[in-house]
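What follows is a single structure, written as structure tokens, with notes after it.
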2 protein chains.
Amino acid sequence: MAARGRPRTFDPDVALRQALDVFWERGYEGTSLNDLAEAMGIATASIYACFGSKPELFGKVMALYGATSGEPPRRALREQPTARAAIHAMLRATADEITRSDAPHYCMLVLAAPTGAIENHEVREFLAERRRDQFATIKDRLARGVTDGDLATPPAGLDALARYYTTVVQGLSIQARDGATRPELETVITCAMAAWDTLTSAG
Amino acid sequence: MAARGRPRTFDPDVALRQALDVFWERGYEGTSLNDLAEAMGIATASIYACFGSKPELFGKVMALYGATSGEPPRRALREQPTARAAIHAMLRATADEITRSDAPHYCMLVLAAPTGAIENHEVREFLAERRRDQFATIKDRLARGVTDGDLATPPAGLDALARYYTTVVQGLSIQARDGATRPELETVITCAMAAWDTLTSAG
DNA sequence: CCATTTGTTTATCGAACGACAAACAAACTG
DNA sequence: CAGTTTGTTTGTCGTTCGATAAACAAATGG
């Protein structure tokens, strides 16, 4: 039951991964179709045939990114038994991901396109929406802690606590981008977690 | 003692300010010389004559940015009587600046060029170096607190504390960029300051 | 084998990019 | 005034941008 016409000479999964690496290193606007074609080992026309336009390709790349690099922090939130352990493990998993020696030292979701030309507004908003999802996921995990009984409703509000740890997690990307090492990020995480007890006990 | 040749028809200070507004909104790579010429009301050749190449112009723009938008947070660090008050006031001054209704909702130093094409590597490193200066300034202020006697040497280390608050201040830009309001940033700051007492008392 | 279907290569499109040279304009000095 | 100096405008340089059309290649079904 092979396909009808001429079969592909490249593996779309492999090519997408190669496109991811380029977008990750250079950001959305900093990556040209020539850059992509070279890294993927195919012509730009084949990119259009298989993945669509540049923003469409980027959307598929981000889906792959979320499913791979995004998974460890998400799993930490999901699998840790308490809200506190979940937040702590999420921060550490993020620090691990953004200091890997085989990838750029930052989160692509945060730094691939925070600003840029007017014509790429949609791409920026696409990423912004995913970052707001990130905040919502953290907030949901805190709410689960309240339900589970391991977290008293914080005086500052769940929203405040969630936004605070979202801010830290996103700030870590700037730090790593600028050369902070994994141990240095660990000290930041330790400081950020020092606020936990104060924030989650009645004031 | 007027200048010798034909006098300028535009005010370089005004033009630089207009260039700043464009770079701020669209980032370094997202801004073309056509965009700049239009906003500055002069031809691209006049830009080259008065300000040099695109990266040179951007350097002058960032100097202006540092002297204007960068000043309130720096002044907060300088003028507040204690290290704690200084950090708190710096965070608030930053939040004020990045939620002004007459400017983009983020710090240009953080988001104008975190990633991009290989040929603009120097511009990115220029900004990264200034962000490392930001960290150093915060650390120096904490050290002054120790000297002044209002801050005991923190168990986690001055470096850790300084990097932590730098991470928060930089993370705030992502939050504001994605739509967080001034009151929402205030809740983040409150959470971040909640760590202070724990971090600065003997553990 | 032939017609069809699909993928790849090659060439190219119009527009925009950063950068500048040459021509023109307006002030000065003597 | 003439001559010099400096600023601005106009035009254009070679390159690259994202995006396709047309030509060529390799598999299928009948």
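The values are calculated or read from the model by the stated rules, or taken from the named source; none is laboratory data. Note that the structure is predicted; figures quoted are calculated from it, not measured. With ideal geometry, Cβ positions are generated from the backbone for all residues, glycine too; neighbour counts draw on all protein chains shown.
Give the range B:128-150 a look and list any residue that's more than 11 Å from chain A (Cβ to nearest Cβ), of a type outside the set (Asp, Glu) and out of contact with any Ser or Thr (no Cβ under 6 Å at 6 or more places or on another chain), or say none. Those that are more than 11 Å from chain A (Cβ to nearest Cβ), of a type outside the set (Asp, Glu) and out of contact with any Ser or Thr (no Cβ under 6 Å at 6 or more places or on another chain): B:ALA136, B:THR137, B:LYS139, B:ARG141, B:LEU142, B:ALA143, B:ARG144, B:GLY145, B:THR147, B:GLY149. The residues listed here are A:THR166, A:THR187; of these, the one that is at the interface with another protein chain (Cβ under 10 Å from one of its Cβ atoms), without any contact (Cβ under 8 Å) to a residue 12 or more places away in the chain and of a type outside the set (Asp, Glu) is A:THR187.
From the residues in the range A:21-62 that are in contact with a Ser or Thr (Cβ under 7 Å, 6 or more places away or on another chain) and not in a helix (DSSP H, G or I), which one is nearest to DNA strand D (Cβ to nearest atom)? The residue in question is A:GLY30. Summed over the range A:75-89, the residues that are of a type outside the set (Gly, Ala, Ser) and crowded, with 17+ Cβ neighbours inside 10 Å give a count of 5.
Applying the selection to the range B:1-35, what residues are within 14 Å of chain A (Cβ to nearest Cβ) and either in contact with an Asp or Glu (Cβ under 9 Å, 6 or more places away or on another chain) or within 12 Å of DNA strand C (Cβ to nearest atom) (or both)? If you could, list the steps in order and put the result at the bottom.
Pass one, the range B:1-35, residues within 14 Å of chain A (Cβ to nearest Cβ): B:20-35.
Within the range B:1-35, B:VAL22, B:PHE23, B:ARG26, B:GLY27, B:TYR28, B:GLU29, B:GLY30, B:THR31, B:SER32, B:LEU33, B:ASN34, B:ASP35 qualify.
Kindly indicate the residue of the range A:10-57 that is hydroxyl-bearing (Ser, Thr, Tyr) and in contact (Cβ under 8 Å) with a residue 12 or more places away in the chain and also nearest to A:ALA176 (Cα to Cα) among those meeting that condition.
Just the residues of the range A:10-57 that are hydroxyl-bearing (Ser, Thr, Tyr), to begin with: A:28, A:31-32, A:44, A:46, A:48, A:53.
After this cut, where a residue has to be in contact (Cβ under 8 Å) with a residue 12 or more places away in the chain as well, the list is A:28, A:46.
On the way: A:TYR28: 19, A:SER46: 35 Å.
Residue satisfying both the conditions and the ranking: A:TYR28.
Take the conditions (1) at pLDDT 95 or above; (2) more than 30 Å from A:THR147 (Cβ to Cβ); A:ALA76 misses just one of them, which is (2). For A:THR153, the conditions (1) more than 7 Å from every other protein chain (Cβ to nearest Cβ); (2) part of a helix (DSSP H, G or I) all hold with the exception of (2). Condition check: in contact with a Phe, Trp or Tyr (Cβ under 6 Å, 6 or more places away or on another chain) and within 30 Å of B:THR115 (Cα to Cα). Does A:ALA180 satisfy that? It is false that A:ALA180 is in contact with a Phe, Trp or Tyr (Cβ under 6 Å, 6 or more places away or on another chain) and within 30 Å of B:THR115 (Cα to Cα).
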